[in-house]
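Asks: I am attaching a structure below and will ask some questions about it afterwards.
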Amino acid sequence: MRYIILLLAIVLLVYIVRTLARSPKRSKKVAEKRRARVGSMVRCEQCGLHVPESEAVYRHGKAFCSREHADDWELEH
Ligand SMILES: [Zn+2]
């Protein structure tokens, strides 16, 4: 009976170690996927802040971090 418990403990340990060893790779893949979805960064013409291309506001062929900065830039130029 004691050997069965020991065997189960070893199997469980191997399973835990495998799971732990695998998880960093998986999270790295998720991070890569996330980065790919965000895409490249563009620089706000008004404040210089870098924002994801998909979230940027475009006006006069220039990129801005927000509509407020696009408005500010329009007033100044
Ligand atoms: Zn800005």
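Asks: For the subset of the range 66-77 comprising residues that are of a type outside the set (A, V, I, L, M) and within 9 Å of the ligand (Cβ to nearest atom), which member is surrounded by the fewest Cβ atoms within 10 Å (Cβ to Cβ)?
Replies: Within the range 66-77, the first condition is being of a type outside the set (A, V, I, L, M), and the residues that meet it are 66-69, 71-74, 76-77.
Restricting the remaining residues to those that are within 9 Å of the ligand (Cβ to nearest atom) gives 66, 68-69, 72-73.
Values: SER66: 16, GLU68: 12, HIS69: 19, ASP72: 15, TRP73: 17.
Checked the range 66-77; the qualifying residue surrounded by the fewest Cβ atoms within 10 Å (Cβ to Cβ) is GLU68.
Residues checked against (1) within 13 Å of the ligand (Cβ to nearest atom); (2) at pLDDT 95 or above:
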{"position": "TYR3", "(1), (2)": "no, no"}
{"position": "LEU6", "(1), (2)": "no, no"}
{"position": "GLU55", "(1), (2)": "yes, no"}
{"position": "PHE64", "(1), (2)": "yes, yes"}
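The values are calculated or read from the model by the stated rules, or taken from the named source; none is laboratory data. Because the structure is predicted, anything quoted here is derived from the model rather than measured. Note: ideal-geometry Cβ built from the backbone for every residue, glycine included; neighbour counts use all protein chains shown.
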